[in-house]
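The values are calculated or read from the model by the stated rules, or taken from the named source; none is laboratory data. Bear in mind that the values here come from a model prediction, so they are computed numbers and not experimental data. Positions of Cβ are backbone-derived with ideal geometry, glycine not excepted, and every protein chain shown enters the neighbour counts.
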Ligand SMILES: *Cc1c(COP(=O)(O)O)cnc(C)c1O
């Protein structure tokens, strides 16, 4: 062990003293992981059912990710965009191949930055075509930087940082008629998630993305699909929008793509792919070879280990297991693949998260009445069964 000599309680106190208060103080100090298991600073073991918010898609310390990152960091760790590196070219080509439509890629380092790229593309496209405002969904989440925040439909985290450079009109998520009324020939772009992760894994009704595609085609607005949380196998498909047979104009990716290494991507299709001219956008770290090597290892491993299929079958097992629990606090389960929320009959998610932690399971109180489950895509049946078997006792620890 190097440096990390503190116990959980000590490190929590030091975290609180040294960090801005924007996160509060997280409840556990994690020191290492292996597969779907993680250990805290006091040596306690947990089953990780949240993967650092749908990020650690291969779990922890996966040999393929460890090898790819170690080998690349030993060759060259950084080139900047003044120079080309091979992993970034391979990764861009690989993503375009999985998407199956002609397009171009920009690499960033986070989800918000991927959305900033989409925002600037849509802004430039709009200005060139006499189009101004954007449309986004109420309760949607697109990130914390000012552009991405302006698209985020949650007044409590948005309003104190306005005004924003582009007008964004918000519509109820999943309501195709409301979307149709909001999108005119003056609208530059519509930003949507296939299902709203931060709102509590709230799926859109079947056909919603298809309707959005038709509405955008009818008016000339761009359709931007934010798959930062939903893509790279999370729903049992490489990309959630593929389930609806829709091709967006712009797609944004991050979270699960790097398997824990920071990387974001913005992919644009058709004529939008070449809206940026030389000098219009950039990122010093974007396309970093270590992050790109990690992403390539994630994509290879998903393919080699059949993890899309596992996300579907393990996800179904987890959803069915939760649905079969008969408890007055449990209202139901929603979501697709390994991207689920257990919904409660009262605002007890924080207490359920704490009770789950005491029982050795990491989950996320994503909403006052819902916990989010987004385990690594490698999770097996025995691990799911261990959670499902303990879930009634976890719920019973919480006051109704
Ligand atoms: C997490 C998330 C973002 C922001 O990503 P960061 O890497 O935190 O900047 C944007 N959109 C969606 C849908 C997300 O889930």
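Is there a residue being at pLDDT 95 or above, within 16 Å of the ligand (Cβ to nearest atom) and under 29 Å from residue 366 (Cβ atoms) anywhere in the stretch 297-309?
Yes - at least one qualifying residue is present in the stretch 297-309.
Can you tell me how many residues in the stretch 14-39 are surrounded by 13 or more Cβ atoms within 10 Å (Cβ to Cβ) and over 24 Å from the mean Cα position of the chain (by Cα)?
Of the residues in the stretch 14-39, 1 are surrounded by 13 or more Cβ atoms within 10 Å (Cβ to Cβ) and over 24 Å from the mean Cα position of the chain (by Cα).
Looking at 99, 90, 82, 47, which is the one that is buried (at least 17 other Cβ atoms within 10 Å of the Cβ) and assigned by TED's automatic domain parsing to the domain that holds residue 291?
When all the criteria are applied, what remains is 99.
Within the stretch 294-302, identify whether any single residue is touching a strand residue (DSSP E or B) at 6+ places or on another chain (Cβ under 6 Å) and surrounded by 24 or more Cβ atoms within 10 Å (Cβ to Cβ), and answer yes or no.
Checked the stretch 294-302: at least one residue is touching a strand residue (DSSP E or B) at 6+ places or on another chain (Cβ under 6 Å) and surrounded by 24 or more Cβ atoms within 10 Å (Cβ to Cβ).
Residues 258, 282: which one is touching a residue at least 40 places away in the same chain (Cβ under 8 Å) and in contact with a helix residue (DSSP H, G or I) (Cβ under 6 Å, 6 or more places away or on another chain)?
258 is the lone residue from the list that is touching a residue at least 40 places away in the same chain (Cβ under 8 Å) and in contact with a helix residue (DSSP H, G or I) (Cβ under 6 Å, 6 or more places away or on another chain).
Out of everything in the stretch 223-242 that is touching a residue at least 24 places away in the same chain (Cβ under 8 Å) and not in a loop (DSSP other than H, G, I, E, B), what residue ends up being farthest from the ligand (Cβ to nearest atom)?
223
Out of the residues in the stretch 178-222 meeting the condition of being in a strand (DSSP E or B) and farther than 14 Å from residue 250 by Cα, tell me which one is farthest from the ligand (Cβ to nearest atom).
Per the criteria, the residue is 203.
Do we have any residue at all in the stretch 188-201 that's surrounded by fewer than 17 Cβ atoms within 10 Å (Cβ to Cβ) and in contact with a strand residue (DSSP E or B) (Cβ under 6 Å, 6 or more places away or on another chain)?
Within the stretch 188-201, not a single residue is surrounded by fewer than 17 Cβ atoms within 10 Å (Cβ to Cβ) and in contact with a strand residue (DSSP E or B) (Cβ under 6 Å, 6 or more places away or on another chain).
Being crowded, with 19+ Cβ neighbours inside 10 Å and within 12 Å of the ligand (Cβ to nearest atom) is the filter here; which residues of the stretch 140-169 pass it?
140, 141, 142, 143, 147, 148, 149, 151, 152, 153
Residues 121, 90, 95: which one is in a helix (DSSP H, G or I) and over 28 Å from residue 149 (Cβ atoms)?
Result of the check over 121, 90, 95: 90.
For the structure I just gave you, tell me whether residue 129 is closer than 25 Å to residue 209 by Cα, within 16 Å of the ligand (Cβ to nearest atom) and in contact (Cβ under 8 Å) with a residue 60 or more places away in the chain.
When the stated conditions are applied, residue 129 does not pass them.
Name the single residue that is farthest from the ligand (Cβ to nearest atom) among those in the stretch 261-274 being within 17 Å of the chain's Cα centre (by Cα) and buried (at least 24 other Cβ atoms within 10 Å of the Cβ).
Applying the filter and picking the extreme gives 267.
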